[in-house]
Structures are given as C-alpha cells and as structure tokens.
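Every number in this text was worked out from the coordinates using simple rules, so none of it is lab data. A quick note: this is a predicted structure, and the numbers were derived from the prediction, not measured. Quick reminder, even Gly has a Cβ in these numbers, built from the backbone with ideal geometry, and neighbours come from all protein chains shown.
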Amino acid sequence: MSKKPSHHPVLRFAPSPNGLLHLGHAFSALVTWQAARALGGTSLLRIEDIDTERCKPEFVDAIFSDLAWLGLDWPTPVMLQSERLDVYADAGNHLRHADLLYPCFCSRSDIAALSSATDPDGAPLYAGTCRQLDRGQQIERLQRGDPVQFRLDTQTALDRVGMLTYSVVGPLITDRPQIRYARPERWGDVVLQRKGIPTSYHLSVVVDDAAQAITHVTRGRDLEAATDLHVLLQMLLGLPTPIYHFHRLILADDGKKLSKSKGSPSLASLREAGWTPQDVRRALGL
Ligand code: GLU
C-alpha cells in the first residue's frame, strides 16, 4: 500500500513555460481551482521549467498575467523546478544506490533502430540495450565522457514493489475515488535523468508533488498513462500517492489536442481580440 496523503486538500497547476498558455491550459487551471474550492483546499502554481532550452522567463511572466486575468490567485513564492535540481539529483541518487538506475549511452537513432514496440505516447519503447552492460563497460564509457542518461530498471523496480494501485476520482472531485491498477511496465525503462540534467519530467513531478504536499492531482487525460509511472516512483522513493483526476482535453476543430507547437490561439491573443474571462469560461463549458 502507498502512503496516505496529508489531510488539508492541496492541488496544483504545473505548466511548462515553453510558450504562451492556450485554452487547454485555461481549462486545466480552472478545473483545478474549482476542485480546490469544492474540497475547501488550496491551489498552488508550480513552474515546470527543467528544459532550459525551451523554457523562457517571459513565458513565466505571461503565465502569471494570464492566470491573474482569469481571476485566479495562488500563494507565493511559486515553486520553480529550475531552482531544485539538487533535490532531484538526491532522489536520483537514492534510486541509483538502490541499483534501480543504469547509464544508457544510446542515441535516438539507436533506440529507434532496436525498438520493436511503442510506449503509450507512441514513442519507440527502449529495448533495454544498455541494461546488459557490465560495471566495467559502464565505467569505461563514463570515464570516456560519452553522453549519458540514466534509465529506471522498471522490471527490477516492479519486482520489488509488487502490485501497484492508486485512487482516481471523476469530475465531482468530492465523490468517492475508485481504485485503479497501475501498469508502469508499458513504459519500459524510462529516462529519469537526461543528458546534462539530473532529472526528467517524471522524476521532478513526483518529487515536487510530495514536497508541496499535493493531495489531489488534476491533469489532462493525456497524462493518464504516465501516472502509472509516477505511482511506481512514489513507492520507490517512499513518497505519498495523491488522488488523481484526469480531465477531458480541449480539442481543436480538427479533433486534435490544442498545442503550442501547432499554433493554437493563445489566451493572450484571445484577450487582445476582446475576449473576457467569462468568454473563456463559456467557451470551455465551465
Ligand atoms: N508540466 C506538465 C505539462 O505542462 C503537467 C504537469 C502534470 O500534471 O504533471 O504538461
């Protein structure tokens, strides 16, 4: 059984400042604040900016002004993941000392060439090539300075923790949660520490949800499968597992998810075009 979260409901909205927020983000934020209100709890804002190449300070400022324009507020100071790399490195070391991480020297093309299946996001599943390296080979390549990332030995981890379950709640956040089985094996040996950075999305998110005593995670259905992995990491790191709510995704006219990269209209551009926060809520059915 996983540890129980603490009692006062704490939720969070955790965008990455790699572009301007769009209606999908507004929906996620508004659902989170609504859920916090229904539970009599607090909503926090966390900035997930570990990707220093894509994340920009001007997008952090834009997140603050867009959310304030929507009428949301949050306690300060706001947690910035880029300021917590040493905390993630400690979590990584914990897993390394437990022999659950191994160095991987494969390039993107090596991975694609050897993969015979895909993960839940449709990316090539890692074939486990570098899991076969012995200590001597690992040390030699590390000393040579080959670019390295660290992967979780997912099967060994699962053998240690046994069956994993977590609680999921529907749109009525105050309803009784349902128990669900987690199947992290469908992700294979995921990267937990990327090249040149001691963390990854998966590692940071579980460390920070625990650090901020998050009791309920509200996130889009696109992160539903990744949650299985998060529950495994929580068990391995001795962290509590929050209750999860997966909200619907806001789709573009072509039926695909809104995205910054596909040029979905930003909240800032809608505001400039004369939209009010009420228009946003109405468009989102809130
Ligand atoms: N930072 C993630 C994103 O912008 C979401 C955080 C989460 O719910 O885990 O997609």
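Comparing mean-square fluctuations of Val161, Val87, Val207 from a GNM of the chain with C-alpha springs under 10 Å, the top value falls on Val161.
Based on DSSP H segments of at least four residues, each scored -39500 (n - 2.57), the chain has a per-residue ellipticity at 222 nm of -11000 deg cm²/dmol.
Residues whose amide H falls under 5 Å from that of Asp119, counting only those 5 or more places apart or on a different chain, are Leu125, with hydrogens built in the peptide plane.
For the pair Gln212 and Arg131, the difference between a 0.36 nm per residue extended length and the Cα-Cα distance amounts to 25.8 nm. Think of each Lys and Arg Cβ as +1 and each Asp and Glu Cβ as -1; about the Cα centre, that makes the dipole of region 129-286 roughly 220 debye. Counting lysine pairs in the chain whose alpha carbons fall under 24 angstrom apart, excluding pairs fewer than 8 residues apart on the same chain, gives 4. Take the Cα of Asp222, step 7 Å toward its Cβ, do the same at Lys257, and the gap between the two points is 0.4 nm. With both bridge residues required to lie in region 1-156, what share of the DSSP beta bridges run antiparallel, to the nearest 5%? Within region 1-156, antiparallel bridges account for around 45 percent of the total.
Amide H to amide H, with H built 1.01 Å from N, Arg151 comes under 5 Å of Tyr102, Cys104, Leu192, counting only residues 5 or more places away or on other chains.
Label-to-label distance, Val78 versus Ala112, with points set 7 angstrom from Cα along the beta-carbon direction: 3.5 nm.
Comparing mean-square fluctuations of Ile111, Ile243, Ile50 from a GNM of the chain with C-alpha springs under 10 Å, the top value falls on Ile111.
Once you've got the GNM for the chain with C-alpha springs shorter than 10 Å, pick whichever of Asp208, Asp222, Asp159 has the biggest mean-square fluctuation. The residue with the greatest mean-square fluctuation here is Asp159.
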